[in-house]
Structure formats: C-alpha cells, structure tokens
Protein chains: 2
Amino acid sequence: MAVSEDRIDAVREFNRFYTKHVGALNEGLLKSPFSLTEMRILYELHTANELMAADLAKSLSLDPAYLSRILKRFKSAGLIETLRSVTDRRQRVLTLTEEGRRVFAPYIKASRDEVAAVLDALSEAEQTKLLTAMQAILSTLDGARQKATPVIIRAHRPGDIGWVIHRHGSLYASEYGFDDSFEALVAKVAGEFLEKFDPAFEHCWIAERNGGILGSVFLVKKDKTTAQLRLLYVEPSARGLSVGRNLVNECIAFARQKKYKTLTLWTNSILHAAIHLYEDAGFKLVNEEPHHSFGQDLIGQTWDLTL
Amino acid sequence: MAVSEDRIDAVREFNRFYTKHVGALNEGLLKSPFSLTEMRILYELHTANELMAADLAKSLSLDPAYLSRILKRFKSAGLIETLRSVTDRRQRVLTLTEEGRRVFAPYIKASRDEVAAVLDALSEAEQTKLLTAMQAILSTLDGARQKATPVIIRAHRPGDIGWVIHRHGSLYASEYGFDDSFEALVAKVAGEFLEKFDPAFEHCWIAERNGGILGSVFLVKKDKTTAQLRLLYVEPSARGLSVGRNLVNECIAFARQKKYKTLTLWTNSILHAAIHLYEDAGFKLVNEEPHHSFGQDLIGQTWDLTL
DNA sequence: TAAATTAATGGACTAAGTCAAGTAAATTAA
DNA sequence: TTAATTTACTTGACTTAGTCCATTAATTTA
C-alpha cells in the first residue's frame with residue numbers, strides 16, 4: 001500500500017465535506033412523512049420500475065427484515081404493489097402504484113429544487129467545473145459505469161495536442177525517469193504536426209472515454225511512399241482495453257488507404273508494451289542503435305511495416 | 001431558476017452514488033464501539049483540539065440534547081475533558097484526553113486504510129484525476145476553503161509545458177475561436193523553450209494551488225539586453241486571485257536581476273485582461289499591426305518595459 | 001435426493017435521534 | 001441598574017430507525 005498520506009487525507013476531507021453537504025441538502029426533505037431510507041427506497045422503485053426486495057436490500061445496504069417492514073407499510077398505504085415472481089416464486093416483484101408515484105412526485109421535485117438552488121448560486125463556468133468533476137469521480141470510482149461507456153477514437157481537436165505533450169512529459173518522467181528534453185522533443189514533433197498538418201496524407205487519432213483522453217497516435221508523411229507512426233501513448237489507467245492496438249490499427253488502415261508503401265516508426269527498446277503491439281501488427285525491426293537522450297542510456301529502434 | 005434539468009439530475013445522481021460510496025466505506029468502521037455520529041464528534045475534537053458543544057452541534061447538525069448525552073458518556077469513559085469556559089461560564093470547552101486520543105487512533109487508522117484501499121486500486125493517473133476532481137468540487141461548493149489555500153508560484157516540471165500548451169489550445173479555441181494553428185504556435189514556442197532552456201537567463205513560472213495549475217508565464221532571452229515575456233495565461237477559474245499580476249511581477253523581477261535592459265512582449269488587442277496587466281506593470285505600447293492568424297482577424301501589439 | 005443456499009418475513013430487541021421543558025449565565029432593552 | 005430576552009447546555013419522556021435471530025418456503029448445488 002504505497003498511497004501517499006496526503007492523498008488519503010485529501011480524500012477523507014472530501015468525504016467529510018460531502019457527507020455534510022448532502023446531509024444539509026437532505027435536511028430540506030426532513031419535513032416529509034418519509035425517512036431518508038424510505039425516500040431512497042421509493043427513489044429506487046421510481047427509477048427502476050421493477051425491483052425485487054433483495055436487489056433493493058443489496059443496493060441500499062439495508063437489513064432485509066427492516067426493508068420488509070417498510071415495504072409492508074408502503075403496500076398497506078397503497079404506494080406499491082407486490083407480485084410473486086413467476087421465475088422464482090420466493091421473490092416478490094415490487095412496483096410503484098400510480099398513487100405511489102403521485103405521492104412521491106413532490107418530494108422528487110423538492111429534492112430537485114434544492115439541487116437547483118445550489119447550482120443557481122454558481123456561475124456557468126463553476127457549474128461546468130462542478131459537473132465535470134463529478135463525472136470524473138463517477139467514472140473513476142464506479143467500475144461498472146466505466147466498463148459500460150465505450151472508448152471512442154476520433155480526430156484531434158484544439159487542446160488535444162497539448163494534452164498529448166503533457167501526458168508524454170509526465171508519464172515518461174515518472175515511469176522511465178526521462179528528463180525535460182523528452183517533453184521538448186514531443187512538443188516539437190507535435191507542434192510541427194499541427195503546423196504543417198496535411199489532412200489528405202496525415203492524421204491524428206485520440207482515444208477517449210467520457211471526455212477523458214486515454215491515448216493517442218499520429219501518422220505523418222515522411223516522403224511520397226513512406227508514412228511515419230509517431231507519439232503512440234496509452235494512459236496507464238486504460239491498459240488492457242486494447243486502446244493501443246486499436247490506435248495502431250487505425251494508423252495502418254489509413255496508411256494503406258492513402259497508398260503509402262511503408263509505415264515506419266522509431267521507438268526505444270525499453271517500451272516493451274508498445275513494441276509488443278508493433279510486432280503483433282506485423283512491423284519488423286530494421287535498425288537498432290544506442291543513444292544517450294532524455295537523461296538516459298537507451299537503445300533506439302526503427303521498425304517498418306510493408307503495406 | 002434557469003438551471004438545466006440535465007445538470008440537476010447529474011448532480012443528484014452523483015449525490016446518490018457518493019452517499020452509497022461513503023456508506024460503504026463507513027461500513028468497515030461499523031464494528032467499532034462508536035456510532036457514526038460519535039465518530040464524527042471524536043473526529044472534530046481530534047482535529048480542532050478545543051471546541052464548544054454548540055460549535056459541534058452546529059457543524060454536525062446535531063440535536064443539542066443528543067450531543068449532550070453523547071458527551072456525557074464520553075466524559076464518564078474518560079475520553080474527553082470538559083472545562084467551564086472563562087469567557088462565558090455557560091459554555092464548556094471540550095478537549096480529547098490522552099486516553100481519548102489513544103482509543104480513537106485505531107479508528108482513524110482504519111478509516112485511512114479503507115480510503116487507501118480504494119486509492120490503491122487506481123492507477124496513478126486515475127488517482128490524480130480523482131483528487132483534482134475532489135479539489136474542484138471542494139473549491140466550488142466551499143467558498144471559504146477556496147480563499148484559504150494559497151496559490152504558489154514555482155518553476156516548471158515535466159508535464160507542465162504540455163499542460164500549458166493544452167490549456168492555451170482549449171481556452172483560446174473556446175473563448176476566442178482560435179483554430180489549431182494557435183496551439184501549433186504555442187507548442188513550437190514552448191517546445192523551443194524547453195529545448196534550448198538556459199536557466200541562467202530564462203525561466204518558466206507555474207502558478208498552482210492544491211496541485212492544480214492556475215497559470216503560467218515564460219521569460220526567454222531574445223538578445224544580450226532584451227528578454228521576452230511569453231505565454232502568459234490564467235485559468236478562468238482563477239480570475240480575481242492576482243495570479244496574472246504575480247506572474248508578471250516574477251518575470252520583471254527576474255529580468256531585472258539578470259541585468260536585461262528591456263522586457264518585451266507580443267500580444268493581441270483582444271486580450272484585454274492581459275493587456276491591462278501589462279499596462280499596470282509599466283509596459284508601453286511600441287507597435288501595433290493587423291494580421292490574420294489562428295483563423296481570426298487580429299491586431300498584434302508589441303509592448304516594451306524599460307527595466 | 002439430501003444438504004445448502006437464498007428470499008422474504010415476524011418477534012424481540014437496542015441504538016439513535018427528537019421534542020418539550022428547565023436551569024444558569026450572558027446579552028439587550030428599558 | 002433591573003427586567004426581559006437570548007443562549008448554552010441539560011434532563012426526562014418519548015419515537016423512530018435499525019439489528020439480530022429464527023423460521024418458512026422455494027431454489028440450487030452436491
């Protein structure tokens with residue numbers, strides 16, 4: 001467990017703050033005849049439409065006995081209907097009745113209004129910042145959601161090139177100890193790409209999910225018949241999602257379509273994961289030569305793919 | 001109330017998710033002899049050192065009666081000491097005893113461990129993303145905190161240059177409609193800075209708060225007697241914090257110290273906020289000339305400061 | 001086919017939290 | 001200065017929320 005104390009404390013502080021914040025929001029609903037737990041149950045029923053008691057108990061971490069009693073109360077108040085499930089006759093399918101919806105609606109509205117009031121006090125920029133941040137937390141902590149949203153591959157947009165440089169700089173510094181000069185090289189390469197960009201023969205692919213960039217690759221024209229693959233990178237957090245593979249494939253397909261004869265690339269022997277991708281894609285090692293760059297002793301490699 | 005429904009729902013969804021998430025974290029502390037509320041009280045005492053019951057009741061939204069009883073229990077268990085306040089003899093000053101600290105410590109540790117386990121499951125990049133996001137939420141929703149943490153100005157580190165390019169690209173695209181070629185220019189300038197960086201006569205300043213970059217400025221050597229200020233930028237979220245002013249001042253101080261005679265800079269007439277800073281710092285407009293760049297009709301300006 | 005597991009429930013209980021009323025000190029108004 | 005009001009905290013009497021154990025019935029696994 002090598003997580004820094006600072007980070008742990010920062011998260012704990014956030015948790016404490018947000019607990020209070022949500023607590024204050026819920027305060028407003030306190031005058032309702034429903035307890036917070038009851039509200040949460042009604043809310044789940046409201047969104048899910050059909051639910052088993054067991055699902056509810058699990059997703060809200062409730063004692064089944066306690067839940068059972070609450071549901072019983074709801075049923076006798078005419079808020080929900082319970083039907084024996086046909087597939088498993090132990091289970092009971094729960095649904096909110098029309099009456100249930102009618103009764104619950106104002107509280108949803110009240111809850112919405114409370115949130116609206118908080119947002120309303122913020123500027124447009126602050127709202128965006130808040131929502132982006134919440135999205136980031138959701139997608140980081142909620143594994144299920146993360147899997148669900150697909151990785152898309154698109155062309156570059158303003159800001160992307162800088163981001164790619166930023167990530168190369170940070171990542172290679174922390175993982176391989178590369179110094180500034182590496183980031184300088186990346187900035188130069190990427191800057192030149194943008195400057196001289198010829199969409200007919202060149203392309204940049206950005207892999208993203210939920211608005212967060214997961215990887216990149218560039219294809220630049222070297223000469224009439226040769227294209228060069230450059231700046232392939234994949235976020236550590238996105239490993240295992242075939243992001244790198246898909247990016248390389250896009251690159252190869254584009255090179256073929258544009259009638260290049262050869263796709264070449266330069267890399268360093270320590271970048272095992274990337275090299276593995278190149279080999280799999282059919283690239284052949286054509287040259288190898290040691291050099292001292294980025295504050296490190298490295299072995300540069302040139303790989304070619306005949307298209 | 002003109003807040004969009006989508007945003008409200010997004011916030012509500014986040015609230016629901018995070019409530020569950022924190023609930024799950026607290027589950028682990030459930031086997032302790034303290035209830036969640038008791039924990040929160042102990043935690044407040046632990047950090048604040050000295051506290052009145054009334055403060056506690058307010059900050060944790062507790063019923064005074066309930067709190068009073070909990071405190072009574074804590075006192076008879078030897079966990080806290082209560083002293084009549086000298087300034088107001090109705091109040092009682094609460095402090096955790098040594099014994100209290102000793103007893104409470106393992107639970108703090110347990111809570112830390114739970115958070116550490118969550119973080120541990122994330123990659124470095126994800127951790128950073130998570131913390132940045134939490135920081136963003138805190139600073140947006142908790143106005144008080146925003147003021148409290150100071151902005152620091154430091155030299156550049158790996159990744160920073162890329163970040164600066166990224167932000168220039170995004171920001172100028174969304175605020176002024178600049179196209180790719182602007183980002184290309186920034187990448188070239190910043191890349192060259194890194195490549196030819198001479199610490200004796202050049203410098204980059206990064207303004208940051210809580211690990212988040214708020215602004216930047218570069219000073220590069222133009223010739224023996226002239227230094228150029230480049231790439232000044234300030235995050236929209238950091239406006240009004242004098243970030244830009246402080247960065248420009250750093251720049252001027254450095255230029256003076258290095259015995260430059262003139263500090264020059266090139267900018268565009270639409271960048272009012274920046275120009276205002278330059279004027280305030282004593283720069284004089286020496287040249288102005290229209291140009292078509294970055295997909296826009298602009299008026300370029302050269303400003304000089306005699307040192 | 002027996003044994004183990006799961007879904008749901010009731011009984012008996014404890015913990016958590018609330019409300020109204022009171023005391024003593026401090027503050028404000030007259 | 002004194003009376004009225006407010007504030008900090010406390011106690012008593014309560015309600016609500018939540019837990020634990022045991023049981024029944026259906027389903028799954030061995």
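Observations, loosely collected:
- Qualifying residue in the stretch B:252-267 (condition: within 26 Å of A:V164 (Cα to Cα) and more than 13 Å from chain A (Cβ to nearest Cβ)): yes
- Of all residues making up the stretch A:38-53, the number that are exposed (fewer than 14 other Cβ atoms within 10 Å of the Cβ) and either farther than 21 Å from B:V11 by Cβ or in contact (Cβ under 8 Å) with a residue 60 or more places away in the chain (or both): 2
- Among residues that are at pLDDT 90 or above and more than 16 Å from DNA strand C (Cβ to nearest atom), B:L79 is not included.
- Single residue of the stretch B:69-106 satisfying the filter (near DNA strand D (Cβ under 8 Å from one of its atoms), more than 15 Å from B:N49 (Cβ to Cβ) and open to solvent by less than 80 Å² (accessible area, probe 1.4 Å)) that is farthest from the other protein chains (Cβ to nearest Cβ): B:D88
- Considering the stretch A:234-286, and only residues there that are more than 15 Å from A:T306 (Cβ to Cβ) and assigned to a strand (DSSP E or B), the residue that is modelled with the lowest pLDDT turns out to be A:V234.
- Filter result for the condition that a residue is closer than 30 Å to A:E38 by Cβ and of a type outside the set (D, E), over B:L25, B:L96: B:L25
- Subset tally (residues that are among the charged types (D, E, K, R) and in a loop (DSSP other than H, G, I, E, B)) for the stretch B:81-105: 3
- Qualifying residue in the stretch A:11-20 (condition: within 10 Å of DNA strand D (Cβ to nearest atom), within 14 Å of another protein chain (Cβ to nearest Cβ) and at pLDDT 90 or above): no
- Test: A:V189 is β-branched (V, I, T) and in the same structural domain as A:L241 (by TED's automatic domain parsing): yes
- When B:T97, B:T82 are checked against the criterion of being in contact with an Asp or Glu (Cβ under 8 Å, 6 or more places away or on another chain), assigned by TED's automatic domain parsing to the domain that holds B:H21, of a type outside the set (A, V, I, L, M, F, W, C) and over 25 Å from A:N26 (Cα atoms), a single residue qualifies: B:T97.
Residues are listed down the side, and each one gets a yes or a no for (1) of a type in the set (S, T, N, Q); (2) free of Cβ contacts under 8 Å to residues at least 12 places away in the same chain; (3) under 18 Å from B:G244 (Cβ atoms):
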| site | (1), (2), (3) |
| --- | --- |
| B:L131 | no, no, no |
| B:L171 | no, no, yes |
| B:F182 | no, no, no |
| B:F193 | no, no, no |
| B:F197 | no, yes, no |
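- The residue that is modelled with the lowest pLDDT, counting only those in the stretch B:122-145 that are open to solvent by 30 Å² or more (accessible area, probe 1.4 Å) and either closer than 14 Å to A:L131 by Cβ or more than 7 Å from chain A (Cβ to nearest Cβ) (or both), is B:A144.
- Residue that is nearest to DNA strand D (Cβ to nearest atom) [pool: residues in the stretch B:21-36 that are open to solvent by 40 Å² or more (accessible area, probe 1.4 Å) and over 29 Å from the mean Cα position of the chain (by Cα)]: B:L30
- Of the numbered criteria (1) of a type in the set (G, A, S); (2) open to solvent by 10 Å² or more (accessible area, probe 1.4 Å); (3) more than 10 Å from every other protein chain (Cβ to nearest Cβ), the one A:S216 fails is (2).
- Only one of the listed residues (A:K221, A:K196) is at pLDDT 95 or above, surrounded by fewer than 20 Cβ atoms within 10 Å (Cβ to Cβ) and in the same structural domain as A:H166 (by TED's automatic domain parsing). That residue is A:K221.
- Applying the set (1) within 28 Å of B:M134 (Cα to Cα); (2) without any contact (Cβ under 8 Å) to a residue 60 or more places away in the chain; (3) within 19 Å of the chain's Cα centre (by Cα); (4) open to solvent by less than 60 Å² (accessible area, probe 1.4 Å) to A:I152 leaves exactly one unmet item: (4).
- Residues of the stretch A:37-76 satisfying the condition of being within 29 Å of the chain's Cα centre (by Cα), within 13 Å of DNA strand C (Cβ to nearest atom) and small (G, A, S): A:A57, A:S59
The values are calculated or read from the model by the stated rules, or taken from the named source; none is laboratory data. This is a predicted model, so every value here is computed, not measured. For neighbour counting, all protein chains shown are included, and Cβ atoms are generated from backbone atoms with ideal geometry for every residue, glycine included. For the accessible areas, the whole protein counts, side chains as well, though only heavy atoms, and no ligand, DNA or RNA atoms are used. Shrake-Rupley method; radii C 1.70, N 1.55, O 1.52, S 1.80 Å.
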